[in-house]
Amino acid sequence: MHLTPVEAKERIKKLSEEIKNELINWRRHIHMHPELSGQEYETGKFVAQKLREFGVDEVIENFAGTAAVVGLIKGKHDITVALRADMDALPMLEKRDVPYRSKIEGVMHSCGHDAHTTILLGAAKVLMEMKEHLQGNVKLIFQPCEERMDCKGAKYLIENGVLEKPDVSAIFGVHMFPELPAGKVGTRIGHFMASSDIFRVKIKGKGSHASRPHMGVDPVLIASQTINSLHHIVSRKVDPLHPAVITIGKINGGFAENIIPDEVEFSGTVRTLSIDLRDQIPKWMEHTIWGTTLAYGGAYEFKYQHGTPPVINDEKTTKFALSMMKDILGNENVVELEYPSMGGEDFGEYLLKVPGTFIRIGTRNEEKGITAPLHSPLFDIDEEVVLPTGTKVMAYLAYKWLEEHS
Ligand code: NI
């Protein structure tokens, strides 16, 4: 039996709506049992158990020694598309009074990764129902540790071969987006989200009595001059048409009003939308820190730590995604987003290796009081609409990508 394009689309829509209650139950289960970055082992177990129930051909639990679960649905031909979800929650107290409120005090799915995991499970279930019509393989990547730089997230999975055996030809991922109403989705070609790096600067002076500054080297003064100058990088060095942020969020030093200390430390974050600018900014920073410290006779340590690269949506996969989403959700429900965001996401790591598209799924519903932003203690989604919508998008993109590229 062969499905016509219209039959395939209608079937994916119908299957995604039919499993709505299951989707809601899975999401509530994950929401009530949130786990912090790097500790998502119970969530991983739940995911693996579901994938086995659906009959997914290969299920690798604890991929590369992490909580990651990687599933493979085998189709007709030797081509593979990947779908990715993240599973971690945040260290905060949920304040929304709902029956599915977090049961773990101080841990909450306030970034919607419970919904991302659920949507990918939904897509797996739908695609398994369509298995005989799949023209290639679907790799299902359930990833730990998206929220933190210090545990093993996307980059580690990639280093351990998650995009190989079989090689992935394209990847798609989704994220909750309270700025769009539930039922709508959006994306854009090219720059989509920012790189997110952190740095730490230690200014070393020479301590002395506050009344005898000439006997010492004042690191408080050097640090303040340095911070001032660092803030001029974005306004004077960076092309105004290329967005960048340097924020110094923390400063520490000194003991008392009447003592010039030995050292002052400060730290911050750098965001850019382009890879070139991301490479250039730390060089400008070090010149500035070196020059300013030298002028005052101090010394410095500068540590720059790369976090996540920018998310840059591939032109071909994104045009494909926009047109397929319009096809299955209707033109009126697909928004070509005008602006990127300066937030970070480690989905950008996958996009350094294979073409792909990151998609925003609207979550907002004023009538149900669902308006809180991501990372808010009141964050929630309109699950009845969001979960089937996301499932349709993920399942349809995988199905059609394989059909068009096999
Ligand atoms: Ni997130």
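Considering every residue within region 143-164, establish whether at least one is assigned to a strand (DSSP E or B) and more than 16 Å from the ligand (Cβ to nearest atom).
Pass one, region 143-164, residues assigned to a strand (DSSP E or B): 143.
After this cut, where a residue has to be more than 16 Å from the ligand (Cβ to nearest atom) as well, the list is none.
For region 143-164, residues assigned to a strand (DSSP E or B) and more than 16 Å from the ligand (Cβ to nearest atom): absent.
Can you work out which of the residues in region 391-406 that are charged (D, E, K, R) and closer than 12 Å to S323 by Cβ is surrounded by the fewest Cβ atoms within 10 Å (Cβ to Cβ)? Talk me through it step by step, then tell me what you get.
Our first condition is that a residue be charged (D, E, K, R); within region 391-406, this holds for 392, 400, 403-404.
Of the ones still in play, those that are also closer than 12 Å to S323 by Cβ are 400, 404.
Working: K400: 22, E404: 10.
By that ranking, first place goes to E404.
So H29 passes all but one of these: (1) open to solvent by less than 60 Å² (accessible area, probe 1.4 Å); (2) part of a helix (DSSP H, G or I). Which condition number does it fail?
Exception for H29: condition (1).
Select from region 80-111 the residues that are hydroxyl-bearing (S, T, Y) and either surrounded by 24 or more Cβ atoms within 10 Å (Cβ to Cβ) or within 14 Å of the ligand (Cβ to nearest atom) (or both) and write down the one among them that is nearest to Q135 (Cα to Cα).
To start, the set of residues in region 80-111 that are hydroxyl-bearing (S, T, Y) comprises 80, 100, 102, 110.
When the remaining residues are screened for being either surrounded by 24 or more Cβ atoms within 10 Å (Cβ to Cβ) or within 14 Å of the ligand (Cβ to nearest atom) (or both), the result is 80, 110.
Numbers: T80: 9, S110: 36 Å.
Checking each candidate, the answer is T80.
Please verify whether region 272-295 includes one or more residues that are more than 17 Å from I222 (Cα to Cα), assigned to a strand (DSSP E or B) and either open to solvent by less than 40 Å² (accessible area, probe 1.4 Å) or not hydrophobic (A, V, I, L, M, F, W, C) (or both).
Checked against the condition, which is being more than 17 Å from I222 (Cα to Cα), assigned to a strand (DSSP E or B) and either open to solvent by less than 40 Å² (accessible area, probe 1.4 Å) or not hydrophobic (A, V, I, L, M, F, W, C) (or both), region 272-295 yields at least one hit.
Specify which of the listed residues (K326, K368, K353, K319) is of a type in the set (K, R), surrounded by fewer than 14 Cβ atoms within 10 Å (Cβ to Cβ) and out of contact with any Cys (no Cβ under 6 Å at 6 or more places or on another chain). I'd like the intermediate steps shown before the answer.
Details: K326 fails: surrounded by fewer than 14 Cβ atoms within 10 Å (Cβ to Cβ); K368 fails: surrounded by fewer than 14 Cβ atoms within 10 Å (Cβ to Cβ); K353 fails: surrounded by fewer than 14 Cβ atoms within 10 Å (Cβ to Cβ).
K319 is the lone residue from the list that is of a type in the set (K, R), surrounded by fewer than 14 Cβ atoms within 10 Å (Cβ to Cβ) and out of contact with any Cys (no Cβ under 6 Å at 6 or more places or on another chain).
Cβ-Cβ distance below 6 Å, separation of 6 or more or different chains: which pairs start in region 112-126 with a residue that is within 16 Å of the ligand (Cβ to nearest atom) and end on one that is among the small types (G, A, S) and in a helix (DSSP H, G or I)?
These pairs meet every condition: I119/G390.
Kindly list the number of the only condition in (1) under 23 Å from Y156 (Cα atoms); (2) surrounded by 19 or more Cβ atoms within 10 Å (Cβ to Cβ) that fails for S16.
(1)
Residue-by-condition table, conditions (1) at pLDDT below 95; (2) touching a Leu at 6+ places or on another chain (Cβ under 9 Å):
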| residue | (1), (2) |
| --- | --- |
| E147 | yes, yes |
| L157 | no, yes |
| N160 | no, no |
| V168 | no, no |
| G173 | no, yes |
| F177 | no, yes |
| A182 | no, no |
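The values are calculated or read from the model by the stated rules, or taken from the named source; none is laboratory data. Note that the coordinates shown come from a computational prediction; the quantities given were computed from them, not determined experimentally. For neighbour counting, all protein chains shown are included, and Cβ atoms are generated from backbone atoms with ideal geometry for every residue, glycine included. Side chains are part of the model used for accessible areas, which takes the heavy atoms of the whole protein and leaves out ligands, DNA and RNA. Shrake-Rupley method; radii C 1.70, N 1.55, O 1.52, S 1.80 Å.
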